[in-house]
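We did not get these values from a lab; they are worked out from the coordinates using the rules stated. Predicted model, so just to flag it, every value in this text is computed and none were measured. Quick reminder, even Gly has a Cβ in these numbers, built from the backbone with ideal geometry, and neighbours come from all protein chains shown.
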Amino acid sequence: MINDKPKIILEADELESLLGKDDITVIHVSSNNYYEQLHIPTAINISARDICAKNSRFLGDLPAINELTYLFASLGYDKHQHYIVYDDEGGGWAGRFIWLLDVIGHNKYSYLNGGLLAWVKERHPIETTINKTTFNEVSIDINHAPIAELDYIENNLHNEDIVLWDARSADEYNGNKVFSKRGGHIPGAINLDWLECLDASRNYRIKHNIGSILSKIGITPNKQIITYCQIHHRSGLAYLVAKLLNYPRIKAYPKSWAEWGNLETTQID
């Protein structure tokens, strides 16, 4: 693990003051089309597809080790770099990339609060230059601590020390809207839609009182938290929020409802 952790949340003014520093790499997670229209100066683009497994049955699965190795080599990965991550739609994909950094054991990262939405609206500099990186051969090891798999969740459904945070909409949680073979939620899971974490009046920054909101519904720091949604996109923000609040034990279920809701053997409420 890398020591000397920076602040996990940066504001736009703080990031602007860091642009151009040698030990800073800004990561823009979105489609190539959005990136080509505008992005934060110096930012490198990663598509959402790049941070999901290519050949899994379940969209959202953790990329295979060779895929992760290629991804980070393509970024010119350096274990000493401070990666500042943002996206253009609320923080889900950025949170998922930060989860991937945890998975490879890199904890020198920050999230731009409000992402590109806040950056542009508050008139910080933008560019359209396509920034390139130098391919850097890397060796990646998997840290399994941030990963929850199906069997782990099934074996802990009645473990009072564990809380499952379902970051989907209430309609998905209740089974009224279905994107897999079956609808509903994992037994015991607590629902808080990822959008409830964001403050639209502050350009979609994370709410100041998000810790209080979570505590009131039972998602508390004394528990192990497992976040999930449909494909570990929206739950990427949930994972990030728990990290921001310094919850000490956080995992994400990458296959999420794409797996759980498509199997015939899983328990569903």
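Structure data summary
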| read-out | value |
| --- | --- |
| Percentage, to the nearest whole number, of Cα pairs in the stretch 38-172 over 26 Å apart | 32 percent |
| Estimated dipole of the stretch 53-94 in Debye, rounded to 20 [Cβ of Lys and Arg +1, of Asp and Glu -1, Cα centre] | 220 debye |
| Residue exposure sequence - Ile126, Ile44 - by fewest surrounding Cβ within 10 Å | Ile126, Ile44 |
| The chain - mean residue ellipticity at 222 nm from DSSP helices (-39,500 (n - 2.57) per run, n ≥ 4, rounded to 500) | -7000 deg cm²/dmol |
| Between 0 and 90°, nearest 10: helix 65-74 axis offset from the chain longest Cα axis | 20 degrees |
| Alpha-carbon gyration tensor eigenvalues x 5, square-rooted, for the chain, Å | 30, 21, 17 |
| Restricting the stretch 161-230 to trypsin sites (Lys or Arg not before Pro) in coil, as DSSP defines it, with at most 11 other Cβ within 10 Å | Lys181 |
| Filtered GluC sites (Glu not before Pro), the stretch 135-185: DSSP coil and at most 11 other beta carbons within 10 Å | Glu137, Glu160 |
| Sequence of Thr265, Thr133, Thr42 once ranked by neighbouring C-beta atoms within 10 Å, starting from the fewest | Thr265, Thr133, Thr42 |
| Which of Ile130, Ile140 has the fewest Cβ neighbours within 10 Å, and the rest in rising order | Ile130, Ile140 |
| Convex hull per residue volume in Å³, alpha carbons only, for the stretch 150-260 | 95 Å³ |
| In degrees, nearest ten, helix 234-244 long axis to first principal axis of the chain (Cα) | 70 degrees |
| Per-residue ³J(HN,Hα) for the stretch 11-28, Karplus 6.51 cos²θ - 1.76 cosθ + 1.60, θ = phi - 60°, Hz, x for Gly and Pro | 8, 4, 4, 5, 5, 4, 6, 9, 4, x, 6, 5, 9, 10, 10, 9, 10, 9 |
| Whole-number Å³ per residue for the convex hull built on Cα positions in the stretch 1-82 | 127 Å³ |
| Charge-dipole axis of the chain as Lys and Arg at +1 and Asp and Glu at -1 on Cβ define it, positive-most pick from Tyr34, Thr133, Phe179 | Phe179 |
